[in-house]
Amino acid sequence: MNDSFNMDKLFEQASRIETEVSFEETKRAFMKSLILSAGGVLATKGVLKVLTTKKWIIMISAITAISTASIVAVMSFAPNDKEPIETSKIIPNSSIDEVQDGEEELIIEPTKVFDQIDIAENEIIEGSNADIIFFESENFDPTADFVIYEEFENDDSSFIEIDANGNMVAPKKIIPYAERFEITSKTTEAELLSMKKKAEAAGIKFNYKAKIKNSKLQKISIQANIDQRNNQQSMSITSDNFKDSDDPVIFGWFEDDKGKANEMGYGDEKNLKCCTGKGTKCSEHHIHLDDGGFNNFIFSDEIEEALDELADLEFDINDDLKDVLENLEHDLEKMGEELEFTMNEIDFSEINSILDDLQIETIDLLDDLEIQIEELLQKNIDIKIEIEDDLDKKNREEKEIKSE
Amino acid sequence: MSKKKQNEFLSLYEPVHDRFERFCRARVYGEMDHQDLMNETLLKAYEKFDTLRSKEAFLSFLFSISVRVLANTNRKKKETTKLNQEAFIVKDINSQTDKNAEVFMLYKAMTKLSVEQKECLILFEITGFSIKEISDIQNTSESNVKQRLRRGRIRLRELLTEKSEFAQESKGGQNER
């Protein structure tokens, strides 16, 4: 009985023992568990969302790391002595018009084609263009010596005038040619023949060679000689390429009382030039026979050499572009080979170890993030519970006041 | 989360909190933190709160869930550890004051009982459930509950007597020296 009494007493004490955990504490813990427990709690959805994005973050980190590692590896394995690749382009002068304003720097290469150079042009066009016609007189000598001209005072010294005061003055009087000719691009072969006849009638051996392109005189070379006992003169004129706007080639001769030519002149009467000698070469002048058979004056050896070089240039824009493209292709192939070689040289195990470390670090970071989020959530829950407690207390107080 | 449901649940729980807390403390003494059991039970109860037909049955509803939770926990743990005499000197994780030392001694003694006997005694003696209520909670017959109570008390008396004798022997030994 004593034992039974003691046991009942013990049970009674146990049934009256003070609770260690209050209702409020239990409620708080319950609320926390309720919110954090999986399944349908809005607050946890955010956490779960973060956790589901974990995989994505890891994947993106891995991809970024691989890309970075590849770039670093390529940069580090690239040969240092290789010249940097220029982003600029070389564009021929002929395509300048096509160049639009862009971001890339343009280096305009000096043109290598000179349309104005007859020699080069003739080389290209001759024989392939049926519109070009050469014709010359029978005795035209393409190897004839060239003639040296000098300024000629073309005034009549015997010409005297009396001025208003009655004084005798001798003003400059230009003596006109007895026969004057102007050759332009419109000059025809018939006109040239007419000149020849007139010259021969005046005692001048007259020969010419003409180049006609598209029915227009493009170039003319004239050889004229006076061969008399006391007077021997030669005149040799080779024009530049005629253009519509160009000044004409002017020449003529003076005649004696018998109507025979005694002096030939080149140029306008006001700026007349007459030949003073002849030869194949002098200190300043040089004769050049082009492929068309025309002899040309070259004013310095350097220019002639330059023209020769230019004439030798067989520059073709298309060929040049092809070369550029071929070079580019070659460079690209080389780069591709170097890239392959570099990729083979890359130590992927090292990259993988770096990636592993990165992944571990990422996971650690995410874990920390998860913990921080949980802490924040718990803080929020605590705050919420406290607010609810306060509200409950207020409600109770209101109820008590009402009941009172 | 339904605020209304929460409030209703907590309003029903508040009056039975003390009894529930005592039950849990006595039931899992020496095994686990009774707060965990309370929490888990409340969560389960809240989940199944919609199935509760009458508010009067909330108490037995809560304890039934608690008993089932414990049963599931024990099944998972497959506890084979049996407390022996040394178990009495295991530090009580729930004891905080010396005033309730006798009660904790009772708790300790009850750990030697079978789960069914222990639960019956706690529910009947400490929590104050009737035999019918306990039979409902344990999902067994009333006669079984009575038998568990009787056998549990006998066993508990033995244990407490052994304990007191052991204590007295220890005291006597010390005096002889």
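Does A:Thr64 fit the bill of being closer than 30 Å to A:Thr342 by Cβ and at pLDDT 75 or above?
yes
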Looking at A:Thr187 and the list (1) at pLDDT 85 or above; (2) in contact with an Asp or Glu (Cβ under 7 Å, 6 or more places away or on another chain); (3) of a type outside the set (Asp, Glu), which single condition is not satisfied?
(2)
Within the stretch A:9-36, the residues that are of a type outside the set (A, V, I, L, M, F, W, C), over 13 Å from B:Tyr107 (Cα atoms), without any contact (Cβ under 8 Å) to a residue 40 or more places away in the chain and within 7 Å of chain B (Cβ to nearest Cβ) are A:Thr19, A:Glu20, A:Thr26, A:Ser33
Looking at the stretch B:1-29, which of its residues are more than 8 Å from chain A (Cβ to nearest Cβ) and under 11 Å from the mean Cα position of the chain (by Cα)?
B:Arg19, B:Phe20, B:Phe23, B:Cys24, B:Arg27, B:Val28, B:Tyr29
Pairs returned, first residue in the stretch B:6-22 that is in contact (Cβ under 8 Å) with a residue 60 or more places away in the chain, second residue that is surrounded by 20 or more Cβ atoms within 10 Å (Cβ to Cβ) and not polar (S, T, N, Q), beta-carbon separation under 6 angstrom, 6 or more apart or interchain, are B:Arg22/B:Ile126
Of the conditions (1) modelled with pLDDT of 70 or more; (2) within 51 Å of the chain's Cα centre (by Cα), the single one that A:Glu123 does not satisfy is (1)
I need every pair where a residue in the stretch A:235-247 that is within 19 Å of A:Tyr208 (Cα to Cα) has its Cβ under 6 Å from the Cβ of a residue that is modelled with pLDDT under 75 and of a type in the set (Phe, Trp, Tyr), sequence separation at least 6 or different chains.
A:Ser236/A:Phe146; A:Thr238/A:Phe294
Test: residue in the stretch A:179-191 that is assigned to a strand (DSSP E or B), in contact (Cβ under 8 Å) with a residue 12 or more places away in the chain and touching a Lys or Arg at 6+ places or on another chain (Cβ under 9 Å):
yes
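For the stretch B:119-133, which positions are in contact (Cβ under 8 Å) with a residue 60 or more places away in the chain and facing another protein chain (nearest Cβ under 8 Å)?
Once the filter is applied, which keeps residues that are in contact (Cβ under 8 Å) with a residue 60 or more places away in the chain and facing another protein chain (nearest Cβ under 8 Å), the stretch B:119-133 yields B:Ile126, B:Thr127, B:Gly128.
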Kindly list the number of the only condition in (1) within 26 Å of A:Glu18 (Cα to Cα); (2) within 14 Å of chain A (Cβ to nearest Cβ); (3) part of a helix (DSSP H, G or I) that fails for B:Ile154.
(1)
Among the residues that make up the stretch B:31-44, is at least one of them closer than 15 Å to B:Leu62 by Cβ, of a type in the set (S, T, N, Q), out of contact with any Pro (no Cβ under 9 Å at 6 or more places or on another chain) and touching a residue at least 24 places away in the same chain (Cβ under 8 Å)?
yes
With respect to the numbered conditions (1) surrounded by 13 or more Cβ atoms within 10 Å (Cβ to Cβ); (2) of a type in the set (A, V, I, L, M, F, W, C); (3) at pLDDT below 65; (4) farther than 16 Å from A:Met264 by Cβ, which one is the sole condition not fulfilled by A:Val147?
(4)
Could you list, in sequence order, all residues of the stretch A:347-393 that are charged (D, E, K, R), over 30 Å from B:Lys3 (Cβ atoms) and part of a helix (DSSP H, G or I)?
A:Glu350, A:Asp356, A:Asp357, A:Glu361, A:Asp364, A:Asp367, A:Asp368
Filter the stretch A:205-261 down to the residues that are within 44 Å of the chain's Cα centre (by Cα) and part of a loop (DSSP other than H, G, I, E, B) and list them by number.
A:Asn214, A:Ser215, A:Ser239, A:Asp240, A:Asn241, A:Phe242, A:Lys243, A:Asp244, A:Ser245, A:Asp246, A:Asp247, A:Pro248
Could you tell me which residue of the stretch A:215-246 is nearest to A:Ile174 (Cα to Cα), considering only residues that are of a type in the set (Asp, Glu) and either surrounded by fewer than 13 Cβ atoms within 10 Å (Cβ to Cβ) or at pLDDT 80 or above (or both)?
A:Asp246
Might you check whether a residue that is within 15 Å of B:Phe129 (Cα to Cα) and within 13 Å of chain A (Cβ to nearest Cβ) occurs anywhere in the stretch B:43-65?
yes
If I go through the stretch B:1-31 residue by residue, how many of them are in contact with a helix residue (DSSP H, G or I) (Cβ under 8 Å, 6 or more places away or on another chain) and over 18 Å from A:Glu25 (Cα atoms)?
7
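The values are calculated or read from the model by the stated rules, or taken from the named source; none is laboratory data. Keep in mind the model is a prediction, meaning the values are calculated, not measured. For neighbour counting, all protein chains shown are included, and Cβ atoms are generated from backbone atoms with ideal geometry for every residue, glycine included.
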